[in-house]
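Q: Let me give you the structure first, and then I'll get to my questions.
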Amino acid sequence: MMKILESITFISYVFIILCTCMSMFCNNTQFPTNNGFTIRYSKKSLNSVPENLPPKTTILDLSENNIAVLLSSDFTSLSKLTLLNLSYNHIREFDAIVFRFNAELEHLDLSHNNLRNITCGSLQIIKGLRHLDLSSNKFENILHCKEFSYFLHLQYLGLSATRIQRSSLKEIAQLGTLHVIFLGLQNLSSYEPGSLQVLNTNKLHIVLPVYLKDPFILYDAMNTSRTLELSQVTCEKACDNVIEPLSTISKNSKVSTLIISNITVSWKYLNQMIEAVWCSSVEYLNVHHLIELGEFPYFVPFNFSKTSLKALSIQHWISKSVYYRGPPHPVQTYSEMMIESFTFVDIGMIHFMCPSKSSIFHFLNFTRNRLTDKLFQNCNTLPHLETLILRSNRLEMLSLVSSMTTSMKSLQYLDVSNNKLQYENGEDCHWSETLLKLNLSANQLTSAAFGCLPINVKILDLHNNQISNIHKGIMALKSLEELNLASNWLADLRDCSHFNSLAVLNVGMNFLHSLSFHSLQSCQNVRAINAGNNPFQCDCELRDFINWRTQTAGDILGWPESYKCQYPEHLKGTLLKDVHLSEVSCNTAVLLGIVLGTMAALIICILFLCLYFDLPWYVKMTWNWTQTKRRIRNTNPKDLPQNLTYHAFISYSQHDASWVKDYLIPNLEKGDGSIHICQHERNFVPGRSIIENIINCIEKSYKSIFVLSPNFIQSGWCHYELYFAHHRLFTENSDSLILILLEPIPQYLIPSKYYKLKALMAKRTYLEWPKEKSKHGLFWANLRQSINVQLPEHKQENKKVFNTSQEKDYEPDTVSLN
Ligand SMILES: *[C@@H]1O[C@H](CO)[C@@H](O)[C@H](O)[C@H]1NC(C)=O
Ligand SMILES: *[C@@H]1O[C@H](CO)[C@@H](O)[C@H](O)[C@H]1NC(C)=O
């Protein structure tokens, strides 16, 4: 017991230590990734590059520390390094040979440091660079190194400067692979007009100076790349410096995507900006992270037709204006815009107007606003609308949402997830018949919602609702291909055979247990099914599921890690794939067969043993033997009469003497002197009468053994002995008679006057002398056992052998036993 406890304690110690090590390991944030080794030392207040970094490191993040100087030895051992992030440190300088052993480097981020200059030679070796960020440093001039021309793979280049000259961009202009040039010009003081236009890139991203003094840089930017992003646009009082250059983007400028981010502006100026690009080359206008200043002005809509703009997107809007005093909110009037795609995400919009005349909107995304069910009711002017996203708004009635779609003759995809939608049986429900994909996830829908679904829907997302069973209404959806019912309250699945075209079914995270496996079996047409994270009951029903899993041709998504037992308690948390239920424990017929078979075999076996080996006899003898043994163990020698000298007295007919002498006595005494037998031929005291001797012998013996046989019946003396012994049996109430039946005695042989013997024979169990030799051993053992007590200590009387020639067998009829 102690041993087990000790080992358990030891194992738990090892476990705790292991866990601690693991967590330390994780804190150190060193971990192997799929194709390398990553070390993250971000925000660790390091003053220098740590020493002894593992040579196999491929990704090293040292950003947001206090490193000021890079030494030439810092990265020498890291020849496998592909990404090095040193941004947000205080690096002022570094040695020209610092990267000489890092030829594999692809990403180098040195942004947000204090670099004033770098030695171009330091870049010589890292020719494979794809991403180089030197922005937000203290460079005065744009870095120009002839080494830039070695970068044949460079895709991203981040720079910053306070002065920009045409000549300094010459080398960069020659890079043909550049996708993005980022220019952090927060501190720009002088710009030589025309400089930017030499650049050759897909995207130009400029962080504008806080106070844009001369707008020449913007004029140039409008003609440099196809995608232009302007960040940090601040128009607090006046905005001409921005709006005027914007209005110069002509129909044949280069820019087709214009992104304006981190902009602080009032409505008036934002509108002017939109108006400025309305008739330009810009096709995609994306304004995000906008802080709105001032009150809403009275808004005069410009002419919304005639535009090259295809998509307008405004996202993340923080309004600092206090009052809204206008007639319609400007955004609402945007419904008159003739553009295809319109995105207003997270701008606090409470309503959007139905366009007054037929619009060309194909795509509307109004995620995260405050729109209600009133939206687009009875609105017939959205005939081209294909996608409508109303995720995370304040919609409440599914019936109103459905009626909203009826007049949308092209609507294919509607996303109303994350609202508060409900539906009650019997409410009106009319969906657009063109609707193919409907997202109703994260609402408050119950099973009743199956009565209100668009008839032609192919993809239906109902996850995270309150559906407790699948209503028959679903049978009407003949085209349904994908159904997501995850995170609902389903306790059982209906037969899924009536989903003719269903290919993908998700019923994960419900309350499905084993009973539901039957229904899964009917999902033969389903190509992929996810039933993970349900509270599975791992009993015999589970076998149906396992059978189904091996038979089905489809994918079981999330198998095996999301399929765990919940019940019974002892299997909780065990993966279904690790549960093994035997055929026997689950199949009652097999179980019954086995039990009955075993019983039959046992019975046959017993019968056989009884018939051929006399099993009952052995059983009886063994039982006797154990009983006697127990009784003898319990007898205290002190309880025995003090005059006991012999273990047994033997009474037998002279005709059976040979058996007694040849078998009985040798087998009882065994020659080891532990058992003493009183035998009249040996132990009779001369001088006393025969009767005296017999009585003496019986009284001094623990047991009296009578060898019964027909001969015994003939012998009068034997009856005499039996009479005394029996008498003693009753007077002392001791169990002192042992009868051995040497040969069967037919009842008629016993004379009727020997009723005592008859009674004894009838009542007492006697030992029968077995004829089979094999049984003799047990017979003797039994007999020995029943006489083998420890006699009280006292000197043996008459130890000497006394041969008497007295014959007992005389005068058989002269002694009366009465
Ligand atoms: C470097 O770290 C900064 C700050 O943690 C992060 O913003 C930037 O994206 C990282 N750069 C690269 C190339 O991973
Ligand atoms: C439904 O919307 C949720 C978010 O609201 C999204 O996670 C899920 O992927 C969408 N479902 C489909 C089928 O697009």
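The values are calculated or read from the model by the stated rules, or taken from the named source; none is laboratory data. Every value quoted in this text rests on a predicted model; they were computed, and no experiment measured them. Note: ideal-geometry Cβ built from the backbone for every residue, glycine included; neighbour counts use all protein chains shown. What goes into the accessible areas is simple: the full protein's heavy atoms, side chains included, and nothing from ligands, DNA or RNA. Shrake-Rupley method; radii C 1.70, N 1.55, O 1.52, S 1.80 Å.
Q: Inside the range 124-138, can you point out the residues that are surrounded by fewer than 21 Cβ atoms within 10 Å (Cβ to Cβ) and not in a loop (DSSP other than H, G, I, E, B)?
A: His131, the sole residue that qualifies.
Q: Among the residues of the range 433-484 satisfying the criterion of being among the hydroxyl-bearing types (Ser, Thr, Tyr) and over 21 Å from Leu512 (Cβ atoms), which is farthest from ligand 1 (Cβ to nearest atom)?
A: The residue in question is Ser479.
Q: List every residue pair whose Cβ atoms lie under 9 Å apart, where the two residues are 6 or more positions apart in sequence or sit on different chains, the first residue falls within the range 690-709 and is within 20 Å of Arg631 (Cβ to Cβ) and in contact (Cβ under 8 Å) with a residue 60 or more places away in the chain, and the second residue, located anywhere, is in a helix (DSSP H, G or I) and open to solvent by less than 10 Å² (accessible area, probe 1.4 Å).
A: Close Cβ pairs satisfying both conditions: Tyr702/Ile787; Lys703/Ile787; Ile705/Leu664; Ile705/Leu668; Ile705/Leu783; Ile705/Ile787.
Q: Continuing with this model, one more query. Go through (1) at pLDDT below 95; (2) within 40 Å of the chain's Cα centre (by Cα); (3) not in a strand (DSSP E or B) for Glu64 and report which single condition fails.
A: Of everything listed in (1) at pLDDT below 95; (2) within 40 Å of the chain's Cα centre (by Cα); (3) not in a strand (DSSP E or B), Glu64 misses just condition (1).
Q: OK, next. For the range 555-574, how many residues are within 29 Å of Asn525 (Cβ to Cβ), touching a strand residue (DSSP E or B) at 6+ places or on another chain (Cβ under 8 Å), surrounded by 15 or more Cβ atoms within 10 Å (Cβ to Cβ) and without any contact (Cβ under 8 Å) to a residue 40 or more places away in the chain?
A: Final tally of qualifying residues: 4.
Q: Which condition number does Gly671 fail, the rest of (1) outside any helix (DSSP H, G or I); (2) open to solvent by 70 Å² or more (accessible area, probe 1.4 Å); (3) closer than 24 Å to Phe724 by Cβ being met?
A: Exception for Gly671: condition (3).
Conditions tested, residue by residue: (1) open to solvent by less than 80 Å² (accessible area, probe 1.4 Å); (2) within 16 Å of ligand 2 (Cβ to nearest atom); (3) at pLDDT 50 or above.
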site: Phe15; (1), (2), (3): no, no, no
site: Asn35; (1), (2), (3): no, no, yes
site: Leu53; (1), (2), (3): yes, no, yes
site: Thr58; (1), (2), (3): yes, no, yes
site: Ser73; (1), (2), (3): yes, no, yes
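Q: Looking at (1) open to solvent by less than 20 Å² (accessible area, probe 1.4 Å); (2) within 16 Å of ligand 2 (Cβ to nearest atom); (3) modelled with pLDDT under 95, can you tell me which one Pro355 breaks?
A: (2)
Q: Taking the criterion of being surrounded by 21 or more Cβ atoms within 10 Å (Cβ to Cβ), closer than 23 Å to Ser582 by Cα and among the small types (Gly, Ala, Ser), would at least one residue in the range 513-526 satisfy it?
A: Checked against the condition, which is being surrounded by 21 or more Cβ atoms within 10 Å (Cβ to Cβ), closer than 23 Å to Ser582 by Cα and among the small types (Gly, Ala, Ser), the range 513-526 yields at least one hit.
Q: Looking at Thr227, Thr234, Thr307, which is the one that is farther than 21 Å from Val207 by Cβ and of a type in the set (Val, Ile, Thr)?
A: The unique qualifying residue is Thr307.
Q: Continuing with this model, one more query. Which pairs have Cβ atoms under 9 Å, sit 6 or more apart or on different chains, and link a residue in the range 107-119 that is surrounded by fewer than 16 Cβ atoms within 10 Å (Cβ to Cβ) to one that is part of a loop (DSSP other than H, G, I, E, B) and acidic (Asp, Glu)?
A: Arg116/Glu140; Asn117/Glu140; Thr119/Asp95
Q: Among Leu460, Leu435, which is at pLDDT 95 or above and either open to solvent by 60 Å² or more (accessible area, probe 1.4 Å) or away from ligand 2 (no atom under 11 Å from the Cβ) (or both)?
A: Testing whether each residue is at pLDDT 95 or above and either open to solvent by 60 Å² or more (accessible area, probe 1.4 Å) or away from ligand 2 (no atom under 11 Å from the Cβ) (or both) leaves just Leu435.
Q: Report whether or not Ala491 is within 16 Å of ligand 2 (Cβ to nearest atom) and either part of a loop (DSSP other than H, G, I, E, B) or open to solvent by less than 10 Å² (accessible area, probe 1.4 Å) (or both).
A: no
Q: Output the residues belonging to the range 83-120 that are part of a loop (DSSP other than H, G, I, E, B), within 11 Å of ligand 1 (Cβ to nearest atom) and touching a strand residue (DSSP E or B) at 6+ places or on another chain (Cβ under 6 Å).
A: If the condition is that a residue be part of a loop (DSSP other than H, G, I, E, B), within 11 Å of ligand 1 (Cβ to nearest atom) and touching a strand residue (DSSP E or B) at 6+ places or on another chain (Cβ under 6 Å), then Ser87, Ser111 are the ones that fit.
Q: Then there's this: Please specify each residue of the range 142-197 satisfying the condition of being open to solvent by 30 Å² or more (accessible area, probe 1.4 Å), in a loop (DSSP other than H, G, I, E, B) and touching a helix residue (DSSP H, G or I) at 6+ places or on another chain (Cβ under 8 Å).
A: Matches in the range 142-197: His144, Gln174, Glu192, Pro193.
Q: Same structure, new question: Do you know which of the residues in the range 431-455 that are among the polar types (S, T, N, Q) and out of contact with any strand residue (DSSP E or B) (no Cβ under 9 Å at 6 or more places or on another chain) is nearest to Ile470 (Cα to Cα)?
A: Filtering first and then ranking leaves Ser447.
Q: Here is a follow-up. Of the residues Asp544, Asp614, Asp578, Asp555, only one is charged (D, E, K, R) and under 30 Å from Leu783 (Cβ atoms); which?
A: Asp614
Q: Now for a different question. Restricting attention to the range 567-577, which residues are farther than 15 Å from Asp544 by Cα and not hydrophobic (A, V, I, L, M, F, W, C)?
A: Tyr567, Pro568, Glu569, His570, Lys572, Gly573, Thr574
Q: Which residue is surrounded by the fewest Cβ atoms within 10 Å (Cβ to Cβ), if the candidates are limited to the range 384-417 and must be among the charged types (D, E, K, R) and within 13 Å of ligand 2 (Cβ to nearest atom)?
A: Only one residue tops the list, namely Arg391.
Q: Would you point out which residue out of Ser501, Ser479, Ser487 is of a type in the set (Ser, Thr, Tyr) and closer than 24 Å to Leu382 by Cβ?
A: Selected residue: Ser479, the only one of Ser501, Ser479, Ser487 that is of a type in the set (Ser, Thr, Tyr) and closer than 24 Å to Leu382 by Cβ.
Q: While we're here: Please state which one of Ser261, Ser281, Ser225 is open to solvent by less than 20 Å² (accessible area, probe 1.4 Å) and part of a strand (DSSP E or B).
A: Ser261
Q: Then there's this: If we keep just the residues of the range 81-106 that are surrounded by fewer than 16 Cβ atoms within 10 Å (Cβ to Cβ) and within 45 Å of the chain's Cα centre (by Cα), which is nearest to ligand 2 (Cβ to nearest atom)?
A: Result: Glu104.
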